[in-house]
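Heads up, the thing below is written out as structure tokens.
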Amino acid sequence: MNLKRSLSWLVFLAVLAVWIFLAQGMAGKIGAASLEGFVRVFSWPAFGYLLLGNLIGFAVGMLPGLGGPVTMALMLGFAFQLKMDAVEAFSFLLGMMAVTATTGDITSILFGIPGEGSTASTIVEGHPMAKKGEAGRALGASLMSSLMGALIGAGAIAVAIPVVTPLVLALGTPEFFMLTVAGVTFVGALSGGSVIKGLAAGGLGFIFSLVGLDMQTATERFTFGTMYLWGGGETGGAGIGLVPATVGLFAIPEIIDLATKGGSIAQAHVGRLGGVLQGVKDALRHWWLVARCSAMGTYIGIIPGMGGPVSQWVAYAHAMQSSGKHDQVGTGVIEGVVGPGAANNSTLGGALIPTIAFGIPGNVTTAILLGAFLVLGLRPGTSMLTKDLDVTFSLVWVLVVSNVITVSVCFLFLNQLARLTRIKGTLLIPPLLLFIYLGSYTHTNSFGDIIITLIFGALGWLMVVFDWSRPALLLGLVLGRLADNYLWITYSRYDFGFLARPGVLIILCVILASIAFPVIRDRRRQRAAGNAP
Amino acid sequence: MSSRRLSIAFTGGLFVMMAWALWEAAGWELQASLMAWLIGLPTAALLAVQLGRELLGRAERAVPAGEDEPGLLDPSLVEREVEPLDPAEERRRTANIIAWILGFAAAIWLVGFQLGIGLATLLYLKSAGERWPTVIGITVGVLAGVVLVFDCGMHIFFAEGKLFTWTGLTATPLFNSFCYQVTSPFKG
């Protein structure tokens, strides 16, 4: 343990030394820009727009299915209609986006419905805690880890500015393809009951992601001749939208469960609703896990095309692996709430790094934000890292201030929010069905979105009944399109020779280890159980 | 049908679906089919293994929810509210809610979003035995939410219900794009 800790410190100091070496020439400029950015965010009316953005983000985050990117796109027009300057516009738009993952966790924990696509993983451990009457503790842990994650993510932008280029350029498409496969494998292998079922579910998710018109060859893949399935939504041409599929997979089974069991969402009665402080302590107690998951979230955010929907699951898998509670998946393990909470909040900070530095958006949100940059006359790259560095730092401060405000407000009203789980199930079902259908409908404003939600709802419910891994399927769906692109680029450049690349081999070994580990562990347990008297 | 047979049927269904996907991909160009083959083949193999295990009765026993709950809370603080359900009653409730989920979707499709959601909410709550003030309060709340937040606030376009399309009638002035209809005469 001491050796492990010493090595960690050694790596940290080495990274710090490299960073100081790279940043020493920019120290004065960074300090001045940071201060100017801070002042501009707190000036009027920028701060008013930030509060308005926070308020909208708070509501949007809690509404299942209605994602931050959709709202951001809708709100983009307001920013220009009101003739906001760059800092005001980003205070409004980024202030809105910065808090959706935080409040999305609240809906995931209380209702078992992902408030945001990036908060689905919090359901796996957070909602069982709410069902056991530990909603306060789960929310406390989630909010605290969200705040810590957001601060780390925001800090990462500042830290990464001098060193970001080699970080992204070190990986090629073969490694990116292997990373997508690794992400699905980790979650699939961790699906509790069966490694085979988990991996197969991940594979099915990959296949579902292929539905649609292949843009390169104009091949209709599994479209049944239906133009709706050609796609063109936020998944970059994929026929099955992530929002309708996610809402169906996770929300419909929860509605069925709620109606079948009757009563309220919380199935256990706790004499005194406490545990919020304990949740905060849990997050602080697991500070190292929070730091690791925030770093993962930030790094995944940096990788173009990935984002909160991916980082949360990777962080969840890591949190559960490192907790040593693999056999308790889905029963309310606190590490499974803390890890994703930190990761999905740090991802936005990470996603902003390539957007600012290279003009390469890390995800849909930053793609919309990139459009805002250009319309406001900002040019990503050299300009935002030199001439407009104060605007860049204002983004950092918006992330920090928004999360501090939102988490403080959430803590003030946490008891009221947690009591929502005591509302009679019958009264919740119509508004929840409204959010489900409306949330999925906003994907393409077509009834086809609702049909997709129903199909994935049926599939999700059957997967719950027969103990299959829904997260693995969803992750396959999220990463599949990306993996398809990476695979073809890789194959055309290297044929199958890409498998001999050192980076690919390392990731392959990690994948095989993640599959072998649960199998070996289960065999050992069975043997130990067989030897027991 | 027993739970085991249903599970086998589900796994078998997934296997057949994956086999069909591979068969379908055989007709595509290499670029379009590469991913389907590279991921689909091992997935089909895994599904075949799982199906074989289930048919032979060697599938691992799933841990039912709640059987292996970790001791995160002091058990003395927790008091169970929900009694275990009679399986027949559970089946009846499940069928009932599935019918309502489909019913809400059908209502939206037939009469449009606002009217459909409003009607379905009213009927659902009344059939669930709620009192009229509650039924009306929640229905009005749901409708107000759709109109004020999503229609007026976010300008989401709600397609008209098929019933109105088929009959040539229109519900637009009242239920679709409410805000646009109300405010457009003042926009010059």
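The values are calculated or read from the model by the stated rules, or taken from the named source; none is laboratory data. Here the structure is a predicted model, which is why all the values come from computation and not from measurement. Positions of Cβ are generated from backbone atoms using ideal geometry, with glycine treated the same way; all protein chains shown enter the neighbour counts.
Answer yes if at least one residue in segment A:2-25 is at pLDDT 75 or above, out of contact with any strand residue (DSSP E or B) (no Cβ under 6 Å at 6 or more places or on another chain) and surrounded by 14 or more Cβ atoms within 10 Å (Cβ to Cβ), and no otherwise.
Taking every residue of segment A:2-25 in turn, none turns out to be at pLDDT 75 or above, out of contact with any strand residue (DSSP E or B) (no Cβ under 6 Å at 6 or more places or on another chain) and surrounded by 14 or more Cβ atoms within 10 Å (Cβ to Cβ).
Need the failing condition index for A:C509 against (1) at the interface with chain B (Cβ under 9 Å from one of its Cβ atoms); (2) within 24 Å of A:H318 (Cα to Cα), just the number.
Here A:C509 clears every test but (1).
Looking at segment A:418-430, which of the residues that are modelled with pLDDT under 65 and crowded, with 19+ Cβ neighbours inside 10 Å is nearest to A:L147 (Cα to Cα)?
A:A418
Only residues that are under 30 Å from A:L369 (Cα atoms) and over 15 Å from the mean Cα position of the chain (by Cα): list them for segment A:112-140, please.
Answer for segment A:112-140, where residues must be under 30 Å from A:L369 (Cα atoms) and over 15 Å from the mean Cα position of the chain (by Cα): A:G112, A:L139.
Starting from residues that are under 16 Å from A:L210 (Cα atoms) and of a type in the set (S, T, N, Q), keep the ones in segment B:7-61 and report whichever is nearest to the other protein chains (Cβ to nearest Cβ).
Here the answer is B:T43.
What number of residues within segment A:294-332 are within 14 Å of chain B (Cβ to nearest Cβ) and either in a helix (DSSP H, G or I) or modelled with pLDDT of 80 or more (or both)?
Going through segment A:294-332 one residue at a time, the tally reaches 5.
Which one is surrounded by the most Cβ atoms within 10 Å (Cβ to Cβ) among residues in segment A:139-160 that are in contact with a Gly (Cβ under 6 Å, 6 or more places away or on another chain) and more than 24 Å from A:V243 (Cβ to Cβ)?
That would be A:S145.
Is it true that A:I489 is of a type in the set (V, I, T), part of a helix (DSSP H, G or I) and within 24 Å of the chain's Cα centre (by Cα)?
No.
Among the listed residues B:A32, B:A48, which satisfies the condition of being at pLDDT 90 or above and either under 24 Å from the mean Cα position of the chain (by Cα) or not aromatic (F, W, Y) (or both)?
B:A48
A:V195: at pLDDT 80 or above, within 14 Å of another protein chain (Cβ to nearest Cβ), over 18 Å from the mean Cα position of the chain (by Cα) and under 29 Å from B:M35 (Cα atoms), yes or no?
Answer is yes for this residue.
Taking the stated definitions as given, is A:G530 more than 30 Å from the chain's Cα centre (by Cα), modelled with pLDDT of 85 or more and not aromatic (F, W, Y)?
So A:G530 does not fit the description; no.
Within segment A:440-458, which residues are in contact (Cβ under 8 Å) with a residue 40 or more places away in the chain, facing chain B (nearest Cβ under 10 Å) and outside any helix (DSSP H, G or I)?
A:T442, A:S446
Name the single residue, out of those in segment A:213-272 being closer than 22 Å to A:L479 by Cα and of a type in the set (D, E), that is modelled with the lowest pLDDT.
Selected residue: A:E234.
I'm told A:V464 meets every condition in (1) of a type outside the set (G, A, S); (2) part of a helix (DSSP H, G or I); (3) buried (at least 20 other Cβ atoms within 10 Å of the Cβ) except one. Can you identify the failing condition by its number?
(3)
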